[in-house]
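Undergrad: Input: one structure, supplied below.
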Amino acid sequence: MCCMNCRLCYITISFHKRNKITIKKHDEHFLASTYLDNNIICFFCATPLYMFKRNTNKSDLPQSKILRIEQSLFDYEHRILKTNEDNLPYINETIVKKGDTLRGILQRLRVTNIDKLQNFIAKNTETNSIRKLLPGRQIQAATDLNGNLIWLRYLHTPYYNNNSDQVICKYLQIATNKECSYSVCEKTNYSERQIRVAFGVIKSSLFEATDHAGIPNFITIQMTNILSTKIDFPRDIRIGDQFRVIYELQMYNGLYLGSGKVLALEFKSNDRMHNAIWFDDDRKIEGGYYNFNGDSLKKTFLRSAIKFSRISSTFGKRVHPIRKTIVDHKGVDYVAPTGTPIYATAEGVVEFSGWQNGYGKVVILKHFNKYSTLYAHQSRIDPKIHKGKKVSQGQLIGYVGSTGWATGPHLHYELRINNKPVDPLSIKLPTSKKIDASIQKNFNSKVEFYKEQMRFLEKLQTESIKIAYSK
Ligand SMILES: [Zn+2]
């Protein structure tokens with residue numbers, strides 16, 4: 001009998017002699033599997049439903065999990081036999097476990113002639129990585145029908161982020177050469193981007209719900225960041241809140257390497273529906289999250305230019321700490337130790353960077369709509385911050401100090417409209433920017449695409465909730 005596991009829908013198809021084929025559906029991922037080709041996907045994958053299946057809340061579903069179909073398929077078996085004659089390799093894979101030996105692994109991978117291979121590995125310095133056998137790493141072996149090795153791959157560095165959208169993985173490959181000996185080389189591969197969908201209902205906490213839905217933590221954190229201007233997550237989350245999410249994963253050969261970004265999100269909290277999509281107009285603009293109406297979800301101004309601090313002096317009239325006269329305080333003072341990083345509260349362009357009498361070392365940024373911000377008394381200005389330079393929101397611009405007229409280390413922060421200081425704590429700031437009219441059409445078509453997917457997900461979610469309650 002020969003078996004084949006579908007990598008996507010977890011179906012095992014067994015080809016028996018006597019013209020029979022058995023199909024079993026598994027609940028869990030197979031660690032070791034035999035299949036005919038690396039990228040084989042069974043014919044049940046014509047529908048993308050496998051994605052939903054995996055992310056469905058298991059406890060909510062009926063327990064019947066094994067499907068068994070048996071039928072005669074003369075033609076199909078014939079084709080498989082023919083494939084075998086073409087000497088296509090059998091590929092086995094396994095994950096290194098704690099305490100594993102190379103011999104044990106090779107046996108698991110059904111490789112024969114183990115002594116010869118082990119001898120080669122022991123004598124060759126280029127095979128160092130496979131001798132370490134790190135638990136959790138993947139090993140694959142391609143063999144012929146009799147277990148003779150065609151190649152062995154040890155994925156020693158499954159995740160290496162090269163600061164692009166892709167992830168690199170590195171592996172060692174030992175291959176049988178024409179002289180019936182072995183050759184060894186290091187190989188590099190790029191991850192493939194896969195898109196996943198998931199949904200869930202909050203029963204105790206957000207992380208419990210996303211965990212249940214098989215969503216990686218990195219994606220959950222992104223979800224909370226994306227909607228942070230709409231939902232105060234620790235405070236506002238209620239039991240019964242629902243979410244649906246479409247996100248990217250970085251995969252290599254069926255192995256999870258890392259998470260990408262959230263592409264679309266719906267979150268129903270307190271009976272209010274929030275939504276978001278990632279939009280970069282096919283990389284023509286700097287990407288960001290927008291709601292379905294095209295409003296940016298990014299706040300135009302951050303609440304504060306430093307992360308942990310307290311306000312020591314607010315905007316308005318006060319006795320000047322050095323001159324002891326009543327003056328207008330044109331900004332807000334935040335007390336923080338010398339060296340605390342200062343971040344740009346909004347994106348803009350550097351208008352001034354350097355020394356100004358009372359302000360000491362100061363940076364002035366010019367923003368959209370005649371807004372500008374000022375950050376004074378710095379101990380050090382970041383070397384990248386000079387006149388004319390573009391800065392993004394949250395970018396480091398310098399460090400807290402007490403240069404100029406200051407009695408102690410603090411940040412003096414000013415917000416100005418048309419160069420007139422206003423109170424940053426009380427003024428109503430523009431909350432979001434609309435999507436640019438020139439790209440509105442592209443944006444709308446993207447929204448329509450994701451909306452349709454969300455409605456489909458919602459339908460599945462509603463069905464699964466119905467099943468859970470009717471049990
Ligand atoms: Zn001040």
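What follows draws every value from the coordinates through simple rules; no lab data is involved. This one's a predicted model, so the numbers in the text were calculated from it and none came from an experiment. Glycine also receives a Cβ, built like all others from the backbone with ideal geometry; neighbour counts cover every protein chain displayed.
Undergrad: Hey, which of these cross-link pairs are over 24 Å Cα-Cα: Lys317/Lys420; Lys299/Lys370; Lys428/Lys451; Lys230/Lys370?
TA: Lys428/Lys451; Lys230/Lys370
Undergrad: Turning to a different aspect of this structure: Could you tell me the calculated FRET efficiency between Trp405 and Lys428, based on Cβ-Cβ distance and R0 = 30 angstrom, to the nearest 0.05?
TA: So the FRET efficiency works out to roughly 0.45.
Undergrad: Quick one: how many lysine pairs in region 89-190 have C-alpha atoms under 18 angstrom apart, if they're 8 or more apart or on different chains?
TA: 7
Undergrad: What is the set of long-range amide H partners of Gly331 at a cut-off below 5 Å, with H atoms built 1.01 Å from backbone N?
TA: For Gly331, whose amide H was placed from the backbone, the distant partners under 5 Å are Gly316.
Undergrad: Which residues does the label zone of Gln107 cover in region 124-145, counting backbone N under 12 Å from a point 7 Å along Cα→Cβ?
TA: Counting only backbone N, you get no residues.
Undergrad: Under 8 Å for C-alpha pairs, at least 6 residues apart: give me the relative contact order for region 89-190, rounded to a whole percent.
TA: 24
Undergrad: Over region 381-471, with a single point scatterer placed on each C-alpha, what log10 of the ratio I(q)/I(0) does the Debye formula yield at q = 0.11, 0.14, 0.18 1/Å?
TA: -0.71, -0.85, -1.06
Undergrad: Would you work out which of Ala376, Pro341, Val327 lies farthest towards the positive end of the dipole of region 310-422, given +1 charges on the beta-carbon of Lys and Arg and -1 on that of Asp and Glu, about the Cα centre?
TA: Val327
Undergrad: Once you have the alpha carbon radius of gyration of region 310-422, what is it after dividing by 2.2 N^0.38 Å, with N set to its residue count?
TA: 1.00
Undergrad: Any idea how far the Cα center of region 274-334 sits from the one of region 230-260, in Å?
TA: 27
Undergrad: Can I ask one more? When Lys and Arg each count +1 and Asp and Glu each count -1, what net charge do the other residues less than 12 Å away from Ser205, Cβ to Cβ, add up to? Numbers along the way, then the final one.
TA: Values: positive: Lys203, Arg238; negative: Glu208, Asp211, Asp241.
With Lys, Arg at +1 and Asp, Glu at -1, the net is -1.
Undergrad: Between Lys441 and Asp271, what is 0.36 nm times their sequence separation minus the Cα-Cα distance? Round to one decimal in nm.
TA: Roughly 58.2 nm would be gained on extension.
Undergrad: Quick one: 3J(HN,Hα) in Hz for region 276-288, Karplus 6.51/-1.76/1.60 with θ = phi - 60°, rounded, Gly and Pro as x.
TA: For region 276-288, the Karplus curve yields 7, 9, 7, 9, 10, 6, 6, 6, 7, 10, 5, x, x Hz.
Undergrad: Roughly how many nanometres apart are two label points built 7 Å out from the Cα toward the Cβ at Ile311 and Phe218?
TA: Modelled inter-label distance: 3.8 nm.
Undergrad: Normalised by the residues of region 310-422, what does the relative contact order come to in percent, with Cα pairs under 8 Å and at least six apart?
TA: Once normalised by length, the contact order is 31 percent.
Undergrad: Can you work out the FRET efficiency for the pair Asp280 and Ser183, with r the C-beta to C-beta distance and R0 = 51 Å, to the nearest 0.05?
TA: For Asp280 and Ser183, the calculated efficiency is 0.75.
Undergrad: Residues with beta-carbon under 12 Å from that of Leu155, excluding Leu155: net charge, scoring Lys, Arg +1 and Asp, Glu -1?
TA: Net of charged neighbours comes to +2.
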